[in-house]
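Asker: Sharing a structure with you now.
Only the coordinates and a few stated rules stand behind these numbers; no lab work does. Given the structure is predicted, the values throughout are model-derived calculations rather than measurements. Note that we place each Cβ from the backbone using ideal geometry, even for glycine, and neighbour counts take in every protein chain shown.
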Amino acid sequence: MMEQQTAQLAQNLMSLLERPDVAEAITVEGTQMVTDYLSDPQVRAYVQGLDVSSKVRLWGTPKQGMQILLHGAERPKKGAPHDHGESWALYYQVEGFTEMTSYHRLTGEQGQPGPAALEVFDVQKVQPGYAMFFGPHVIHSTRHPESPARWIRVTGDDLDYATRLRFSIERQEADLDTGK
Ligand SMILES: [Fe+2]
C-alpha cells in the first residue's frame, strides 16, 4: 500500500514548514523528498497508473492544511494566470513537462480583484525530477503543449476552499475565485 510512503512524504514535507527559510527549504529539500518518494518503484508505478483525468488527492484532508495532489494533461492544455492566495505551492514534474510562466502585476493591488495588467518576467520548462516553488500571491500559469504530462503539486492549504485570483490577460483584470 502506498498510504504509508505518502504519509511519510507528507510528514517529511511538514517538518520543513517551521523553518525560517521555509521557501528555500521546500524548494531544495522538499523537491528532494518528492524525488526520494518517487524513487520507490512501487510508488512510481502507483503514481504512473492513477487516472489523472481529474486531480487526485494523494494525501491531505479537505479544507485542512497541506495537500499533496497529482495532476495530469492527457491532451495539450493551457491554464489561465492565477495565484494561490495565501498558500504556497510546489509543482514537481513527474512525466512530460510544464511550461511555467510567472508574471508581475502592473496595475491593481496584490491579492485584490480589479485592474490587473500582467507582465511576464519568467518562463521555465519544468522537466521530470525538477520543481518550482511559488510563495503566496505569486501569479503564474501552466501550459502543457505536449502530452501526456503528469505532475505533483504540494500546496500549503486546500485551494479548493481558498480565496484566490484568476487573471484575464485579455481584459487585464483579476477575478476572485472563492473555491467551493
Ligand atoms: Fe498554480
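Asker: Step by step: first the residues of the range 155-174, then only those that are surrounded by 15 or more Cβ atoms within 10 Å (Cβ to Cβ) and part of a strand (DSSP E or B), then the one that is farthest from the ligand (Cβ to nearest atom). Which residue is that?
Answerer: So, considering only residues that are surrounded by 15 or more Cβ atoms within 10 Å (Cβ to Cβ) and part of a strand (DSSP E or B), the one farthest from the ligand (Cβ to nearest atom) is Glu173.
Asker: Still on this structure: State all residues of the range 74-95 that are assigned to a loop (DSSP other than H, G, I, E, B), more than 13 Å from the ligand (Cβ to nearest atom) and either within 22 Å of Arg166 (Cβ to Cβ) or free of Cβ contacts under 8 Å to residues at least 40 places away in the same chain (or both); if no residue qualifies, say none.
Answerer: Arg75, Pro76, Glu86
Asker: A further question on this structure: Name the pairs whose Cβ atoms lie under 8 Å apart, with the first residue in the range 155-176 and closer than 22 Å to Phe133 by Cα, the second among the β-branched types (Val, Ile, Thr) and surrounded by 14 or more Cβ atoms within 10 Å (Cβ to Cβ), and 6 or more positions between them or separate chains?
Answerer: Leu165/Ile139; Phe167/Ile139
Asker: Right, here's the next one. Quick one: Thr31 ticks every box in (1) under 13 Å from the mean Cα position of the chain (by Cα); (2) within 16 Å of the ligand (Cβ to nearest atom); (3) more than 30 Å from Gln112 (Cβ to Cβ) except a single one, so which number is it?
Answerer: Checking Thr31 against (1) under 13 Å from the mean Cα position of the chain (by Cα); (2) within 16 Å of the ligand (Cβ to nearest atom); (3) more than 30 Å from Gln112 (Cβ to Cβ), the one that fails is (2).
Asker: In this structure, does Lys63 turn out to be out of contact with any Lys or Arg (no Cβ under 7 Å at 6 or more places or on another chain) and away from the ligand (no atom under 16 Å from the Cβ)?
Answerer: It is true that Lys63 is out of contact with any Lys or Arg (no Cβ under 7 Å at 6 or more places or on another chain) and away from the ligand (no atom under 16 Å from the Cβ).
Asker: Taking the stated definitions as given, is Thr107 part of a strand (DSSP E or B) and either in contact with a Ser or Thr (Cβ under 6 Å, 6 or more places away or on another chain) or among the polar types (S, T, N, Q) (or both)?
Answerer: Criteria not met by Thr107.
Asker: Something else about it: Inside the range 11-73, counting only helices (runs of 4 or more DSSP H) that do not spill past its ends, which hold 3 or more residues that are without any contact (Cβ under 8 Å) to a residue 24 or more places away in the chain and loosely packed, with under 14 Cβ neighbours inside 10 Å?
Answerer: 41-49
Asker: Would you confirm whether any residue within the range 36-45 is over 20 Å from Pro145 (Cβ atoms), within 16 Å of the ligand (Cβ to nearest atom) and of a type in the set (A, V, I, L, M)?
Answerer: No: zero hits.
Asker: Do you know which residues across the range 132-154 are over 20 Å from Ser168 (Cβ atoms) and either part of a loop (DSSP other than H, G, I, E, B) or within 9 Å of the ligand (Cβ to nearest atom) (or both)?
Answerer: Result: Gly135, Pro136, Pro145, Glu146, Ser147, Pro148, Arg153.
Asker: How many residues are among the acidic types (Asp, Glu) and either on the phi > 0 side of the Ramachandran plot or within 15 Å of the ligand (Cβ to nearest atom) (or both) when one looks only at the range 107-131?
Answerer: Selection size over the range 107-131: 1.
Asker: May I ask you to verify whether Gly85 is at positive phi, over 14 Å from the mean Cα position of the chain (by Cα) and surrounded by 13 or more Cβ atoms within 10 Å (Cβ to Cβ)?
Answerer: In short, no.
Asker: Another question, then. Within 18 Å of Ser87 (Cβ to Cβ), touching a helix residue (DSSP H, G or I) at 6+ places or on another chain (Cβ under 8 Å) and polar (S, T, N, Q), is that true of Gln67?
Answerer: It is true that Gln67 is within 18 Å of Ser87 (Cβ to Cβ), touching a helix residue (DSSP H, G or I) at 6+ places or on another chain (Cβ under 8 Å) and polar (S, T, N, Q).
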